[in-house]
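Written out below as structure tokens is the structure these notes cover.
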Amino acid sequence: MSILIKQVELNGKRTDIAIEGNLITDIGPLDDACFDTVIDGSYSIAVPAFYNCHTHSPMTLLRGYADDMELMDWLNNHIWPAEAKLQEEDIYWGTRLACMEMIHSGTVYFNDMYFLLSGTVRAVEESGLRATIGMFLNDAAPNRDMFIQEGKELWNRRDTLSKRIQLSIAPHAIYTCNEKTLRECAEMSEKYGIQLHIHVSETMFEFNQCKEQHGGMTPVEYLDTLGVLSERTFAAHSVHVRDHDMEILAARGVHCVFNPVSNLKLMSGLLPLRKMLDKGVSVTLGTDGTSSNNNLSMFDEMKVASLVSKLANNSPIGAQVDEIYKIATQAGAEASGLNAGVIEKGRLADIVLLDANSPQLTPSHNLVSNLVYSADTSCVKTVICDGRILMRDGFIEGEAEVIENARRCAKRLMAAARG
Ligand SMILES: [Zn+2]
């Protein structure tokens, strides 16, 4: 399968982009006759796709179900009772819905942490996106043993999965997983070279509890003593971190995931973006789940990330648009082990075509500024992931079926949760 994107705007110039298999194979004037599919790029701008480095994709079914309340009330009385009633079919359709929403907003990859994993795998296989699917662990949950079992089952069939899917080991957090579990996760990550995905220092409660229980150590210091922190580790949130923590995160090569919308909505605090970048910490961007966001748009996430970094610095010079754009694209892709995030020959063929006639992209003094501050999902026309067209001119195959089934599953789930 080969694709030619003809006369598209790339880095301010008109050119052709060739895709063969799952790679970008050439950029420059090319002959239409040599390609299976030709896309007219005359009114389009080609940009790298987004890489969402922390989410819980099936939570789309809980979008708008419980908002504007204290974290523990939200979890204990709303989210956890509903999650207890989830079935594999809900996970499948919830993730299909998430994938569709991500495709519409130009995202081709997500780093997921949830359970009932066979539903997630099926949804990713069929949607055509890339994902890292976490083998979830939570020692505090009633379903602890089921999580371990389904992780093992998925691990045992890892060779049968699409190349677009990676597996990670995903202990929920330090306050839900014991020391033995965390050490074992670190060993597995090292032995097999897989990512380790964990929530780190999301709330002041977690920070203070850790210091009390572990001899005054911060969550980052504690995880470091257990060997959990490495260049394979994705530390979601990383809100409450001290200078010494940032030095450890930078030295170990940990990838912190900034989730500003979720952190604002739950009033958790904010990752110190400017300081982290200055200290050489690897930072990526993620939406978190849709019950604390409530969408999966990386456009929204970039804009909020930029605005809150100004607030945190008490200065309009927070993080620069180029830095914000990079954590949403290239930094996320490369941290995830993908040769993507930039449109150039030899890279994986993940490409978004924007509508050059979008009002939000007009005029174009600075495309990156428009992408961070002005653009939204409506600017995305066509999305290619791994050399396959997932959306063309706003059309995704099977969209009506996904919407109908997601509605049906959400309705059943709510009825079951209310007893
Ligand atoms: Zn999360």
Exercise for the section: Scan the range 300-316 and give yes if some residue there is within 20 Å of PHE50 (Cβ to Cβ), part of a loop (DSSP other than H, G, I, E, B) and in the same structural domain as VAL200 (by TED's automatic domain parsing), otherwise no. Expected result: no
Exercise for the section: Can you confirm whether the range 132-143 contains a residue that is more than 16 Å from the ligand (Cβ to nearest atom), crowded, with 21+ Cβ neighbours inside 10 Å and in the same structural domain as ILE103 (by TED's automatic domain parsing)? Expected result: no
Fill in the blank from the handout: Picked from the range 264-280 (must be more than 16 Å from the ligand (Cβ to nearest atom) and in a loop (DSSP other than H, G, I, E, B)), the residue surrounded by the most Cβ atoms within 10 Å (Cβ to Cβ) is PRO272
Handout entry: Test: SER44 is under 27 Å from THR362 (Cβ atoms), at pLDDT 95 or above and among the polar types (S, T, N, Q)
Key = yes
Completion exercise
Residues of the range 293-319 being in contact with a helix residue (DSSP H, G or I) (Cβ under 6 Å, 6 or more places away or on another chain) and free of Cβ contacts under 8 Å to residues at least 40 places away in the same chain, in sequence order, are ASN293, SER309, ASN313, PRO316
Problem - Close pairs (6 angstrom Cβ cut-off, 6 or more residues apart or separate chains): hydroxyl-bearing (Ser, Thr, Tyr) in the range 125-154, assigned to a strand (DSSP E or B) anywhere - result: THR132/ASN111; THR132/GLN166; THR132/SER168; THR132/GLN195
Problem - Filter result for the condition that a residue is among the polar types (S, T, N, Q) and within 17 Å of the chain's Cα centre (by Cα), over SER105, SER118 - result: SER105
Completion exercise
Conditions (1) over 16 Å from ASN52 (Cα atoms); (2) among the β-branched types (Val, Ile, Thr); (3) away from the ligand (no atom under 16 Å from the Cβ) -> VAL239 fails only (3)
Handout entry: Flag if VAL283 is free of Cβ contacts under 8 Å to residues at least 60 places away in the same chain, outside any loop (DSSP other than H, G, I, E, B) and either within 14 Å of the ligand (Cβ to nearest atom) or touching a Phe, Trp or Tyr at 6+ places or on another chain (Cβ under 7 Å) (or both)
Key = yes
Practice task
Within the range 183-191, identify whether any single residue is of a type in the set (Ser, Thr, Tyr), assigned by TED's automatic domain parsing to the domain that holds SER268, closer than 20 Å to HIS54 by Cβ and within 16 Å of the ligand (Cβ to nearest atom), and answer yes or no.
Solution key: no
Completion exercise
Those residues of the range 201-220 which are in contact with a Ser or Thr (Cβ under 9 Å, 6 or more places away or on another chain), within 14 Å of the ligand (Cβ to nearest atom) and in a helix (DSSP H, G or I) amount to none
Exercise for the section: Quick one: which residue in ILE174, ILE198 is within 16 Å of the ligand (Cβ to nearest atom), assigned to a strand (DSSP E or B) and farther than 30 Å from GLY387 by Cβ? Expected result: ILE198
Completion exercise
Residues of the range 317-343 being more than 20 Å from the chain's Cα centre (by Cα) and either under 24 Å from LYS13 (Cβ atoms) or not assigned by TED's automatic domain parsing to the domain that holds ARG164 (or both), in sequence order, are GLN320
Problem - Filter result (surrounded by 22 or more Cβ atoms within 10 Å (Cβ to Cβ) and either in contact with a helix residue (DSSP H, G or I) (Cβ under 7 Å, 6 or more places away or on another chain) or modelled with pLDDT under 95 (or both)) within the range 148-172 - result: ILE169, PRO171
Fill in the blank from the handout: Residue count, the range 379-411, condition more than 16 Å from GLY128 (Cα to Cα) and surrounded by 15 or more Cβ atoms within 10 Å (Cβ to Cβ), comes to 7
Fill in the blank from the handout: Scanning the range 357-374 for residues that are touching a Ser or Thr at 6+ places or on another chain (Cβ under 7 Å) and within 24 Å of ARG130 (Cα to Cα) gives VAL372
Exercise for the section: Test VAL261 against the stated conditions and say whether it is of a type in the set (A, V, I, L, M, F, W, C), assigned to a helix (DSSP H, G or I) and under 17 Å from the mean Cα position of the chain (by Cα). Expected result: yes
Exercise for the section: Tell me, yes or no, whether the range 249-263 has at least one residue that is closer than 17 Å to THR203 by Cβ, within 16 Å of the ligand (Cβ to nearest atom), surrounded by fewer than 24 Cβ atoms within 10 Å (Cβ to Cβ) and touching a residue at least 60 places away in the same chain (Cβ under 8 Å). Expected result: yes
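The values are calculated or read from the model by the stated rules, or taken from the named source; none is laboratory data. Since the model is a prediction, treat every value here as computed from it, not as a measurement. Positions of Cβ are backbone-derived with ideal geometry, glycine not excepted, and every protein chain shown enters the neighbour counts.
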